[in-house]
Amino acid sequence: MTQFWKAWLTVWCFGVLVFGALLVTAAVPGFDGAIRGLVILFSGGSVDAAALDQPIVRFGLGLQGALTIGWALTIFPLLRAADALGAPVWRALTFAMLVWYVIDSAISIATGVALNAVSNTVLMVAFLIPVLASGALRR
């Protein structure tokens, strides 16, 4: 994989990390303004921002943020391992990404938050572009 594609995926990982940090703010009253706006946007206005005042919702979104941060921090070293070890690691990582994409997007659509499936598609495509363009899955 070229330096360009490696840099692309590093920026991609930082984007996932920042999004996780944004989700974590939902757990902290007074710091949750951006995530409130995002929830309203992604739900098409069908979710009342007051729902974020419920402790279980704060917990769920905060926990999702922690998981997303962990996901990004796990993928960082996996990218280096995939570069060193080749196609088997790239295939496993890509398979894991596809499983996440299908499940997360299906849940998003089923719960009326279809715009999240759109953002998932953008994230998935941004991951697949360098993987497919570099031929990493074949080597």
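Every number in this text was worked out from the coordinates using simple rules, so none of it is lab data. Predicted model, so just to flag it, every value in this text is computed and none were measured. Methodologically, a virtual Cβ is constructed for each residue, glycine included, from the backbone with ideal geometry; neighbour enumeration extends over all protein chains shown.
Remarks
- The label point for F31 and the one for A84, both projected 7 Å from the Cα toward the Cβ, are 3.4 nm apart.
- Per-pair calculated FRET efficiency, R0 = 25 Å: A110 and L132 via Cβ, rounded to 0.05: 0.30
- Kirkwood-type radius of the chain, with distances r between different C-alpha atoms, in Å: 16.0 Å
- Of the DSSP H helices in the chain, those whose Cα atoms cover at least 20 Å axially and whose Kyte score averages 1.0 or more: 3-24, 55-85, 87-110, 114-134
- Surface/4 estimate of mean projected area, convex hull on alpha-carbon atoms of the range 79-129, nm²: 3.4 nm²
- Simple spin-label estimate for F76 and K6 gives 1.6 nm between the two label positions (7 Å along the Cα-to-Cβ direction from each Cα).
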